[in-house]
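Worksheet: one structure, shown below.
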């Protein structure tokens, strides 16, 4: 069956009207007119803006997720989402042959990653590569916790697993690895990562953030989740924000031993942090292989456009296993390039840490990615002008 991304539930009417009609609700007098006069909100980027700065999948939510959102909102919007959270938890546990107590569901993986960091730093420091998605590992710092201990990446910006292992001492409470890595887009050899995780977990807790795993055709081969069942001291984070296109619905989860999940959950609010609509969308999307395949194809198409533009403008980029590309601007400046792109209504990321010439651009709707490609020559000229001024 051909996947049809254009099918949408709410064409021809508002979400509120669709939900009310589907549930047979009687709308009180005055509510219908109030809905039509409510302020208009831009829930996504404004018209004409190419939003390529947050690694989102703008083709989501899937049609099945949209149906589930409507049903959950009309039937369960007035109630706390505990039952749906437990249903999703059980689905995930069954998929990986784990117990429900091995899973923690939260509002996006950022939340559970932050909880893990807060828990770990009660015992020691967090160790990670010099360049990785470190936002959540920084959470304890704002509360007076220790700085992240960092190990240099390799010359080609891969995570140096040997150096990470050698840096583990009695002060390290958790090692944080993002695979595929953000912002580089690079993926580790699965056997080398597995070997590292087994060795390192004998010394300390190992966290593997697999936010982009489903974007890989052979994702299961690269996942470290099986190590949990084998009794290793590993926790793995996943999210519905990437391939499932549910970044705005905020659903993520962590998998680990019962002891690790219980310890980390002490720093969160559990199911009270999640909403019915997001959970319904996640449940409907979890086994939607058609939508996932479609999304991967769109990501590959978009990356092809980006890499062609990079080459045409005399630049290079790292190989990417994700829905973004890390572009080397040579003697350029990522912050100036970001500003120059913004002037042409294209939003991308600026500089990461000390990596001044490296610029990250996300994939997105094909016409938006083409805007990026078309804007590149002028943006590069503008970048050099800003650098000289």
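Quick note: the coordinates plus some simple rules give every number you see, no bench work behind them. Everything quoted here is computed from the prediction, not taken from an experiment. We place every Cβ from the backbone using ideal geometry, glycine too, and count neighbours over all the protein chains shown.
What to note about this one:
- Computed from the Cβ-Cβ distance with R0 of 35 Å, the FRET efficiency linking residue 367 to residue 156 stands at 0.60.
- Think of it as helices only: each DSSP H run of n ≥ 4 in the chain is worth -39500 (n - 2.57), and spread over all residues that comes to -12000 deg cm²/dmol at 222 nm.
- One decimal place: the segment residue 378-residue 135 gains 84.3 nm when fully extended, by the rule 0.36 nm per residue minus the C-alpha distance.
- Global form of region 290-388, assessed from the alpha-carbon gyration tensor, a/c cut-off 1.5: prolate
- Annotation: extensible slack from residue 305 through residue 387 equals 26.8 nm (criterion: 0.36 nm per residue apart, minus Cα-Cα distance).
- Projected label points at residue 46 and residue 147, each 7 Å from Cα along the beta carbon direction, are separated by 3.9 nanometres.
- With the convex hull of the Cα atoms taken as the outline of region 265-315, the averaged projected area works out to 6.4 nm².
- The Kirkwood radius of the chain, taken over pairs of alpha-carbon atoms, gives through the Stokes-Einstein law at 25 °C and 0.890 mPa s a diffusion coefficient of 110 µm² s⁻¹.
- In nm, spacing of pseudo-spin labels at residue 191 and residue 312 (7 Å Cα→C-beta vector): 4.1
- Highest average packing first - 330-341, 242-253, Cβ atoms within 10 Å: 242-253, 330-341
- By average C-beta atoms within 10 angstrom, highest first, the peptides 199-210, 152-163, 293-304: 199-210, 293-304, 152-163
- Relative contact order of the chain, pairs being alpha-carbon contacts under 8 Å that are 6 or more residues apart, as %: 22
- Of the residues 197, 178, the one with the fewest other Cβ atoms within 10 Å heads the list, and the complete ranking is 197, 178.
- Cα gyration tensor shape for region 143-235, rounded if a/c is under 1.5, else prolate or oblate: oblate
- Order by protection proxy (mean Cβ within 10 Å, highest first), peptides 95-107, 359-371, 375-387: 359-371, 95-107, 375-387
- Per-pair calculated FRET efficiency, R0 = 30 Å: residue 356 and residue 171 via Cβ, rounded to 0.05: 0.45
- Calculated P(r) of region 76-285 - Cα pairs past 24 Å, %: 37
- Anisotropy class of region 199-273 from Cα gyration tensor, a/c 1.5 cut: oblate
- Gain on full stretching of the segment that runs from residue 79 to residue 95 - 0.36 nm per residue minus C-alpha separation: 3.0 nm
- Label separation (residue 54 vs residue 229): 3.5 nm, computed from points 7 Å beyond Cα along the C-beta direction.
- Note on residue 199 and residue 221: with the Förster distance fixed at 25 Å, the Cβ-Cβ geometry gives a FRET efficiency of about 0.80.
- In region 76-285, the DSSP beta bridges split such that about 35 percent are antiparallel, to the nearest 5.
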